[in-house]
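Encoded as structure tokens, the structure appears first; notes follow it.
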4 protein chains.
Amino acid sequence: MLKLSKLLSHSRNQLSQKRLFVEAVNHQWLRGMSTKASLSTAGQNFLPDGRSAAKIFAPYSIYKGKAALSASPILPTFSKLESGGIRVDRRGVIFLTFWPAIGERKYDWDKKQTFALSATEVGSLISLGPKDSCEFFHDPSMLSSNAGQVRKSLSIKAHDNAGGYFISLNVVNNILKTNDRFVVPVTTAEFAVMRTAFNFALPHIMGWDRYTNQPPKSVDENPPRLASEFMATEWNR
Amino acid sequence: MLKLSKLLSHSRNQLSQKRLFVEAVNHQWLRGMSTKASLSTAGQNFLPDGRSAAKIFAPYSIYKGKAALSASPILPTFSKLESGGIRVDRRGVIFLTFWPAIGERKYDWDKKQTFALSATEVGSLISLGPKDSCEFFHDPSMLSSNAGQVRKSLSIKAHDNAGGYFISLNVVNNILKTNDRFVVPVTTAEFAVMRTAFNFALPHIMGWDRYTNQPPKSVDENPPRLASEFMATEWNR
Amino acid sequence: MLKLSKLLSHSRNQLSQKRLFVEAVNHQWLRGMSTKASLSTAGQNFLPDGRSAAKIFAPYSIYKGKAALSASPILPTFSKLESGGIRVDRRGVIFLTFWPAIGERKYDWDKKQTFALSATEVGSLISLGPKDSCEFFHDPSMLSSNAGQVRKSLSIKAHDNAGGYFISLNVVNNILKTNDRFVVPVTTAEFAVMRTAFNFALPHIMGWDRYTNQPPKSVDENPPRLASEFMATEWNR
Amino acid sequence: MLKLSKLLSHSRNQLSQKRLFVEAVNHQWLRGMSTKASLSTAGQNFLPDGRSAAKIFAPYSIYKGKAALSASPILPTFSKLESGGIRVDRRGVIFLTFWPAIGERKYDWDKKQTFALSATEVGSLISLGPKDSCEFFHDPSMLSSNAGQVRKSLSIKAHDNAGGYFISLNVVNNILKTNDRFVVPVTTAEFAVMRTAFNFALPHIMGWDRYTNQPPKSVDENPPRLASEFMATEWNR
């Protein structure tokens, strides 16, 4: 865990070790999936046991000169409790995929790299001011024997002049001896789409839509005495 | 009620006595619940008679050095009226739970304290500027013979430098002779998540989703004369 | 229509005569309703023929020293077209109700006055800066022989110091020789609730949720040639 | 494609050629539709094969002295994949329709011109500051032999003084030798309605509501070992 704490000291977003821990689980699992299905896009909703709930392909994609970037939400998964309730099992993420340009308007999907934004990282992104920057560090193998061997960093930096941001992904893989770097310049308009779409998706990747989408059986036909009296009091004043 | 008016004079949010009154009802009731089920989290949707609509556990949790904080929405409950309509019985809240750290990354859930944010308090939180602060006072026993014996205050204060906020809960219980204080530093990114999630939840805890989720039977196949003529006028111009 | 054009020249929101025309229809109709059912609150969804779709009572209410104010959305009504489509018949509104205080924490619901905010007026309200003000003028009898006899004006003015706004309704009724004025000071927090709730409700009162809530039968199992080829091109690059 | 690249060099929004390509498909197709059904409004949800999913007419319309403007969302269409998933076929748009005034409060719907805003163009519009402007260029015949013969430009320019924006559409048709220009002054309040409504519609025209509206079958009754253990660890600390 030594390498982990070094990573943490570089984190500009004060992620707790616990949070990184969660992301390591997500990453390890997601990587396994993407290896098995490397031709598919990021927009799938996998369940932890490998079944997929419903595969939706509606990524927001940005194609630029040197690389392309696409973003899709992945919903959380839930476990049923013995009590009848449900509990978030694995948090949802916004899944970013980068893949390089290999010629004019030609891109190589097989060389893609991914980065899964947690709810808090999404919060960081959507609250960026026009001059702000942020950077996130992930270790996708954190829980395995390969911990520390692969390091991913995502940086979002404000343009100096034009507005908009540079979104860069750097993946250093000490096992494969590779170092991949993608830079996608994102215009103010494109970032506004991401901000609005991520803002829309955030309560869903947190699982909060489960609270609000409940069937209307909470209508109580026989409210208890206290509440009735109180309402009467409120109404008659 | 003397102590109450003193509390009110300290309120920075101009809560009317009536509003505090409502919250006292909520609190008293919620405390009863949490005593009975002290091992459960805050994310449950209780109905006033003690039945629970559907237990969802998807809190947004922040673990920091001295304490942890989690937030979950609780939907309002409704009563059916004789006329066939439905009326909000008890307003929904955003339910905050604080519990202390008792070692490195160890937290004691049994020592938790809670604070239920009303719609207006949520409005105060989500409209905070980067330099702003706010503070709320609740008396969870306000309607009982213990009125004034327990005082809760929640304060949200902007960091001096780093951005983000300190969220603190102080609970003074004159019956148990206890004084609990929790301070959770919340980063800009984490606060952005809270802001987006609370903004999402607010219309739901107000019950306004009931207005908008109605079945489409409002389609009128035979609109009255006046409206038709008016639309014709609009259409033909 | 002379009086009308005078009213229009006072409008600070550049409402076209057409828009006022629509509101007159709404008002006339809503007034008829509220006369028949003067003890009910504003949160009902009437259909033009007098049937009500579903009566929901979940107003956001603010009780202050001299008056109280509550707000509820009213959805639009739709007509079925011969072609099978549906068309908005009457636009939705945010319905404001003011009623006076007649003692300490006592209010007289029978003396209430109402004001129905159109989509554009809601847009004006939710885009108010902390120093801004706006004012709206309605003639609820505009289409009847009583046109010009009743004038309503709603003004929203920034507090000089404290933040928040004064929301005032003035109703001059030349038939009944009455002049009612209500002023409700609204805190920043309360206005934030209104802003969030109105922002949530706005697409619904416009009827835009009808576009987005459509059943998923738009999935096309046999896309036409052109689109397929295009997608193939996009995918293979 | 020469003319195209000239157009591109004028684009203030850094649209890639690929994006324009997509829009050309949309436009060509939409124009075909509007020719066949020129009396209908823009609010229809067409599927690529000409069937319509459900015709909704709830445009947001602004009537001004020289022209009127209405806006409606058009949802994306999807294709079913052999794998059982669904993929966005044609992106959704916000469909703008302009038509000229031909007298006092008289407008000629037959002389309308349209402009379909892509997700990124909507992002540009909703992120405009009070002093900002933007301009978009479309070639509705881009893929046909008439490429370059019709050029549409939409400009949104901040008012110098009053707040609000001028929204202008210019359509130069070299085949018909026509040059149509529409200018609609939009108040701050009307623009706030557009901003809120477009913000609401954006995730839907992107197809992201498909990710979030999935049935709750993602509840996993038997979570795999790893996740369970992890949750246990998280819960007991």
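The values are calculated or read from the model by the stated rules, or taken from the named source; none is laboratory data. Worth saying up front: this structure is predicted, and the values here are computed from it rather than measured. Here Cβ is always computed from backbone atoms with ideal geometry, including for glycine, and neighbour counts include all displayed protein chains. Just so you know, the surface numbers come from the protein's heavy atoms only, side chains and all, with ligands and any DNA or RNA stripped out. Shrake-Rupley method; radii C 1.70, N 1.55, O 1.52, S 1.80 Å.
All of (1) within 12 Å of chain C (Cβ to nearest Cβ); (2) open to solvent by 30 Å² or more (accessible area, probe 1.4 Å); (3) among the aromatic types (Phe, Trp, Tyr) hold for B:TRP109 with one exception: (1). Looking for something surrounded by fewer than 22 Cβ atoms within 10 Å (Cβ to Cβ), part of a strand (DSSP E or B) and either free of Cβ contacts under 8 Å to residues at least 12 places away in the same chain or within 14 Å of chain B (Cβ to nearest Cβ) (or both) - is there at least one such residue anywhere in segment C:71-85? Yes: segment C:71-85 contains one or more residues that are surrounded by fewer than 22 Cβ atoms within 10 Å (Cβ to Cβ), part of a strand (DSSP E or B) and either free of Cβ contacts under 8 Å to residues at least 12 places away in the same chain or within 14 Å of chain B (Cβ to nearest Cβ) (or both). Restricting segment A:127-144 to residues that are open to solvent by less than 20 Å² (accessible area, probe 1.4 Å), outside any loop (DSSP other than H, G, I, E, B) and among the hydrophobic types (A, V, I, L, M, F, W, C), which is farthest from the other protein chains (Cβ to nearest Cβ)? Checked segment A:127-144; the qualifying residue farthest from the other protein chains (Cβ to nearest Cβ) is A:PHE136. If you check D:ARG210 against the conditions, is it of a type in the set (Lys, Arg) and away from every other protein chain (no Cβ under 14 Å)? No: the conditions fail for D:ARG210.
Residues considered: C:TYR60, C:TYR107. Of these, the only one that is over 15 Å from the mean Cα position of the chain (by Cα) and modelled with pLDDT of 95 or more is C:TYR107. The residues on offer are B:ILE156, B:ILE102, B:ILE62, and the sole one that is within 13 Å of another protein chain (Cβ to nearest Cβ), β-branched (Val, Ile, Thr) and open to solvent by 10 Å² or more (accessible area, probe 1.4 Å) is B:ILE102.
Among the conditions (1) more than 13 Å from every other protein chain (Cβ to nearest Cβ); (2) closer than 27 Å to A:LYS64 by Cβ, A:ILE94 misses just one, which is (1).
C:ASP89 satisfies every condition listed in (1) at pLDDT 50 or above; (2) among the charged types (D, E, K, R); (3) assigned to a helix (DSSP H, G or I) except (3). Scanning segment B:176-191 finds one or more residues that are open to solvent by less than 10 Å² (accessible area, probe 1.4 Å), at pLDDT 95 or above, in contact with a helix residue (DSSP H, G or I) (Cβ under 7 Å, 6 or more places away or on another chain) and over 30 Å from B:ILE86 (Cα atoms).
For segment A:159-179, does any single residue satisfy the condition of being of a type in the set (Lys, Arg) and outside any loop (DSSP other than H, G, I, E, B)? No: segment A:159-179 contains no residue that is of a type in the set (Lys, Arg) and outside any loop (DSSP other than H, G, I, E, B). Among residues of segment D:173-194 that are under 15 Å from D:ILE126 (Cα atoms), those with a beta-carbon under 7 Å from a residue that is open to solvent by less than 50 Å² (accessible area, probe 1.4 Å) and part of a strand (DSSP E or B) at least six positions away or on a different chain give the pairs D:VAL186/D:ILE62; D:VAL186/D:TYR165; D:VAL186/D:ILE167; D:GLU190/D:ILE62; D:PHE191/D:TYR165; D:VAL193/D:TYR60; D:MET194/D:TYR60; D:MET194/D:ALA71.
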